[in-house]
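What follows is one structure encoded as structure tokens, with my remarks underneath.
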Amino acid sequence: MSRPPAPDATARVSVCFVCLGNICRSPTAEAVFRALLAREGLASHVLVDSAGTADYHVGEPPDARSRAAARARGIRVEGLGRQFRATDFARFDHVIAMDGENERALLALAPGPAERRKVARLRRFESEPDHLDVPDPYYGGSGGFDRVLDICEAGCEGLLARLRADHGLP
Ligand code: 4NP
């Protein structure tokens, strides 16, 4: 989302979540991960952002249905939609796609192999995913937004465990 990540000298790791529109899934993942980091006392250690592969919703706030579903869990989904650009690869250690289509778009945009290695799907961090996509809730019912939250919570737990192991986070 468009709020630029605060420059934080102590942040050791940077993560950008990416979906199609940057108004439903990736801002939800961003908010869930921020809440988890805050709970773990790690907010200043990890820089978190989100973006979309498409430009349909640039400058728009997160979908009201995403915000409402997250609010019911005490999580604030904030920011304004922005499009992921090739130059973003230099700013993030990990670029986390919500589904296979997002992952393919990111791999096509990546300037080289080092950048392609930064790309992973969120659900790869779940212990036993029943599927590797975070389903797009945009055209579905309200249950889809709760499901996105459940998946983001499980994926973000796994992602944090990986960051702890790979980057020496406390
Ligand atoms: P998101 O959801 O990729 O999770 O933000 C979508 C938002 C908008 C559209 C599709 C998916 N759209 O087609 O406008």
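The values are calculated or read from the model by the stated rules, or taken from the named source; none is laboratory data. As the structure is a prediction and not an experimental result, all values here were calculated from the model. Cβ sites come from the backbone with ideal geometry, for glycine too, and all protein chains shown count toward neighbours. For the accessible areas, the whole protein counts, side chains as well, though only heavy atoms, and no ligand, DNA or RNA atoms are used. Shrake-Rupley method; radii C 1.70, N 1.55, O 1.52, S 1.80 Å.
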key: Residues being under 19 Å from residue 20 (Cβ atoms) and assigned to a loop (DSSP other than H, G, I, E, B) - total across segment 41-65   = 11
request  = Filter segment 95-107 down to residues that are open to solvent by 40 Å² or more (accessible area, probe 1.4 Å) and not aliphatic (A, V, I, L, M), then give me how many there are.
outcome  = 2
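Looking only at residues that are among the β-branched types (Val, Ile, Thr) and assigned to a helix (DSSP H, G or I) in segment 126-170, which one is farthest from the ligand (Cβ to nearest atom)?
Of the residues in segment 126-170, the ones among the β-branched types (Val, Ile, Thr) are 134, 148, 151.
From the residues that got through so far, the ones that are assigned to a helix (DSSP H, G or I) too are 148, 151.
Numbers: 148: 8, 151: 12 Å.
Within segment 126-170, the match that is farthest from the ligand (Cβ to nearest atom) is 151.
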query = Among the candidates 38, 68, which residue alone is within 16 Å of the ligand (Cβ to nearest atom), among the small types (Gly, Ala, Ser), open to solvent by 10 Å² or more (accessible area, probe 1.4 Å) and part of a helix (DSSP H, G or I)?
reply = 68
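Only one of 91, 117 is loosely packed, with under 15 Cβ neighbours inside 10 Å, touching a residue at least 40 places away in the same chain (Cβ under 8 Å) and either more than 16 Å from the ligand (Cβ to nearest atom) or among the small types (Gly, Ala, Ser) (or both). Can you tell me which? Steps first, answer last, please.
Numbers: 117 fails: touching a residue at least 40 places away in the same chain (Cβ under 8 Å).
The conditions single out 91.
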query = What do you reckon, is residue 44 away from the ligand (no atom under 16 Å from the Cβ), over 17 Å from residue 145 (Cα atoms), hydroxyl-bearing (Ser, Thr, Tyr) and more than 13 Å from the chain's Cα centre (by Cα)?
reply = yes
